[in-house]
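**Q** The structure is given below, and queries will be raised subsequently.
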Amino acid sequence: MKAKKFYHLLYFQVIIAIITGILLGHFYPELGEKMKPVGDGFIKLVKMIIAPVIFITLTLGIAHMTDLKKVGRIAIKAMIYFFIFSTLALIIGLLVGNILQPGHGLNIDPATLSGDVSQYQKKAHESTLTAFIMNIIPETLFSPLVGENILQVLLVSILMGIALVLTKEKSRKVTDFLQDLSAPVFKIVHMLMKLAPIGAFGAMAFTIGKYGLHSVWKLIFLVGTFYITSILFIVLVLGAVALYNGFNIFKLLYYLKEELLLVLGTSSSESALPGMMEKLEKAGCSRAIVGLVVPTGYSFNLDGTNIYMTLASLFIAQALNIHLPFEKQLMLLLVAMLSSKGAAGVTGAGFVTLAATLAVVPEIPIAGMTLILGIDKFMSECRALTNVIGNSVATIVVANWEKQLDKEQFNYCLNNPGEIEKKLEV
């Protein structure tokens, strides 16, 4: 197959789009703000296809399994992994916040704080455990397929997959239909990805046009601390996990470069979900594990969000000269562990989970969130990137644990990412 010109490669086009969006937003901020519908439109297009992709991938993955006990075992192993590394991310955020103290010296009087964070308080208040569980149950069997609640899609997909296994002889036509349907559905994914540069351009132009580069400089130390902490988590923690499981984290990042650049441009981890699922399956992970671990991880394995939560909480406390003793920081950690799961699937989950956490730690006023309201958008890219990378590693690790990873195919894909991209585009 003839090699493509570099300017035809999707990741190159996305990079150019991001740079162009930054320049437009910086030099023509009013025009940049008007680009918001372009970025929002692309994300809506991707969200449109997420439910069918998850449903088909997970349902077929389970349907092709002969042992249903494997499904339960995979789910338990995935949740154990999520719990361990999500907690580790929270602890790392807490440690870095205490060591570097990014908010120290600002000496802000809490009485002078202003800004509207009521919408986040309201969402946080609504994010109770009962509401979270009830929200997993859909109105009808097929309503999740026309909605955007990933957990509801997961529930229906698992039930349908199990039902197909239990009625294998009578349901063969249904399984064959879903198998045939997967081809056009993933073709739609490829078609939508062609629009990725346009979406990244619109989202970045709006972000820079509305908030301006100057808003980053005001609190550059916090933003820088968060980015450095996330990079260290990816390279050291996830890198060590990858090494233990026989692969190189940097090769994985390069293999997923299109998806990661798309997340960087749109600040949305969901924009990369369909492409990431397909690439991980092509890399030798079994369809059932990809279909179960990736979408579940989007709700329960938020490494980037967890680092952000403890780091941002300590920043606010330090900026307001509020001393948090060890026992209060431990309480902050425990609350963050719960709230990060409770707000899963909520729009603006990073800020919502922060509001939910501060609401239970009365020492830190929720109004303190206004200190980072202006720069939160600039940290959302890093949150989303860390979440996506964490979920990719989790999927490969669980597949390896379950011996459902084709290591020969996996190594080939990581060493020859260009060849795989060509095959995906055919």
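The values are calculated or read from the model by the stated rules, or taken from the named source; none is laboratory data. Values in this document were obtained by computation on a predicted structure and should not be read as measured data. All Cβ positions, glycine included, derive from the backbone under ideal geometry; neighbour counts span all protein chains shown. Just so you know, the surface numbers come from the protein's heavy atoms only, side chains and all, with ligands and any DNA or RNA stripped out. Shrake-Rupley method; radii C 1.70, N 1.55, O 1.52, S 1.80 Å.
**Q** Scan region 31-54 for residues that are open to solvent by 20 Å² or more (accessible area, probe 1.4 Å) and either among the polar types (S, T, N, Q) or in a helix (DSSP H, G or I) (or both) and report the count.
**A** First, the residues of region 31-54 that are open to solvent by 20 Å² or more (accessible area, probe 1.4 Å): 31, 33-38, 40-41, 43-45, 47-48, 52.
Okay, now just the ones that are also either among the polar types (S, T, N, Q) or in a helix (DSSP H, G or I) (or both), so 31, 33, 36-38, 40-41, 43-45, 47-48, 52.
Here the count works out to 13.
**Q** Now, a different point. With the condition kept exactly as written, say whether any residue in region 89-96 is part of a helix (DSSP H, G or I), surrounded by fewer than 21 Cβ atoms within 10 Å (Cβ to Cβ) and either without any contact (Cβ under 8 Å) to a residue 40 or more places away in the chain or not aromatic (Phe, Trp, Tyr) (or both). Outline the logic, then answer.
**A** Here is the first cut: in region 89-96, the ones part of a helix (DSSP H, G or I) are 89-96.
If we keep only those that are surrounded by fewer than 21 Cβ atoms within 10 Å (Cβ to Cβ) too, we end up with 91, 95.
With the extra rule that they be either without any contact (Cβ under 8 Å) to a residue 40 or more places away in the chain or not aromatic (Phe, Trp, Tyr) (or both), the set shrinks to 91, 95.
There is at least one residue in region 89-96 that is part of a helix (DSSP H, G or I), surrounded by fewer than 21 Cβ atoms within 10 Å (Cβ to Cβ) and either without any contact (Cβ under 8 Å) to a residue 40 or more places away in the chain or not aromatic (Phe, Trp, Tyr) (or both).
**Q** Another question, if that's okay. Among the residues of region 107-121, is any farther than 16 Å from Ile49 by Cα, part of a helix (DSSP H, G or I) and at pLDDT 80 or above? First the steps, then the outcome.
**A** Step one: of region 107-121, the residues farther than 16 Å from Ile49 by Cα are 107-121.
Those still in the list that are part of a helix (DSSP H, G or I) too: 110-112, 118-121.
Right, trim to at pLDDT 80 or above and you get none.
Taking every residue of region 107-121 in turn, none turns out to be farther than 16 Å from Ile49 by Cα, part of a helix (DSSP H, G or I) and at pLDDT 80 or above.
**Q** Which is part of a helix (DSSP H, G or I), within 18 Å of the chain's Cα centre (by Cα) and more than 30 Å from Val38 (Cβ to Cβ), of Leu238, Leu273, Leu253, Leu264?
**A** Values: Leu273 fails: more than 30 Å from Val38 (Cβ to Cβ); Leu253 fails: more than 30 Å from Val38 (Cβ to Cβ); Leu264 fails: more than 30 Å from Val38 (Cβ to Cβ).
The match here is Leu238.
**Q** How do the pairs read when you match residues in region 53-74 that are in contact (Cβ under 8 Å) with a residue 24 or more places away in the chain with residues anywhere that are surrounded by 22 or more Cβ atoms within 10 Å (Cβ to Cβ) and outside any helix (DSSP H, G or I), using Cβ under 8 Å and keeping only pairs 6 or more apart or on different chains?
**A** Gly61/Ser286
**Q** So Gly224 ticks every box in (1) farther than 17 Å from Lys279 by Cα; (2) assigned to a loop (DSSP other than H, G, I, E, B) but one. Which box is left unticked?
**A** Every listed condition holds for Gly224 apart from (2).
**Q** From the set of residues in region 55-82 that are open to solvent by less than 80 Å² (accessible area, probe 1.4 Å) and not in a helix (DSSP H, G or I), which is farthest from Leu164 (Cα to Cα)?
**A** Among them, the one singled out is Asp67.
**Q** When the residues of region 292-313 are filtered to those that are farther than 16 Å from Thr87 by Cβ and touching a Ser or Thr at 6+ places or on another chain (Cβ under 8 Å), which remaining residue is most open to solvent (accessible area, probe 1.4 Å)?
**A** It comes out as Tyr298.
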